[in-house]
Structure formats: C-alpha cells, structure tokens
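Each value in this text was obtained by applying a stated rule to the coordinates, not by laboratory testing. These numbers were taken from a predicted model, which means no experiment stands behind them.
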Amino acid sequence: MTNTAEAPVIEFQVTSAFDLPGMRVEKSLGVTFGLVVRSMGFTKAVTGGISSLRQGEVSQFTVVLEDTRRHALDRMIENAKLLGANAVIAVRFDSSEIGKARAEVVAYGTAVVAVPAP
C-alpha cells in the first residue's frame, strides 16, 4: 500500500538578503563558505588568449568562471548542511586571480536554521 500524502518538501534556501520572506531565523550557525580554485587548462587558455585580442566577451573564460561559481555555491551549501543549517542568508561571492591561468572563487554567507514565520 502506498502513501499518497507525503510531507511537504522544504528546499534549502539561499539568498543574498539578510532575511527570508515568510521565514524567521531561529538560530545562526555562523559563517559557511565554499572555495574553488580552477585552472583554465592549456587549450582554453590559448583559445581564450586569442579571443581576448578582439573586442567583446571571451566566452572560454566566462564558461569556466560560471562553472567555478556554481561549484563554490554547491560547496557552501554542503558546508552549511554539515553545520545543521536549512538556509544560508547574506550570500556573497569573491574572486581573485592566482597566476595567469588560475582563478579562485569563494561563496560565503551565514548558515541559519529558519522556520516558518507565525
């Protein structure tokens, strides 16, 4: 016999705001972060270097940085879950260049336990 009445799924919430609409922060668990250092790789570095000689977006670099940012965000969420959080507020990103072909991206925020507001 299957149970068709399932408990509602509360997804993990992430926001750059300092609060969550309809939710109340019950407990702050501290800073959570996800850090990724990514290398361009030889082929992308060469093709990206050639592309940067012309005006406009260098799509090879954009793709790598977008993937790196997503990876950092995923790591931050996993770190927050390990702390016991069900949400992260005040999320920010920071990035820097390490050498000529490596980029560091960090996603960070405050891990919290949030409950529905009364």
Fully extended contour minus Cα-Cα distance, from SER95 to LEU83, at 0.36 nm per residue = 1.9 nm
Stretchable slack from GLU11 to SER28, in nm (0.36 nm times residue separation minus alpha-carbon distance) = 4.3 nm
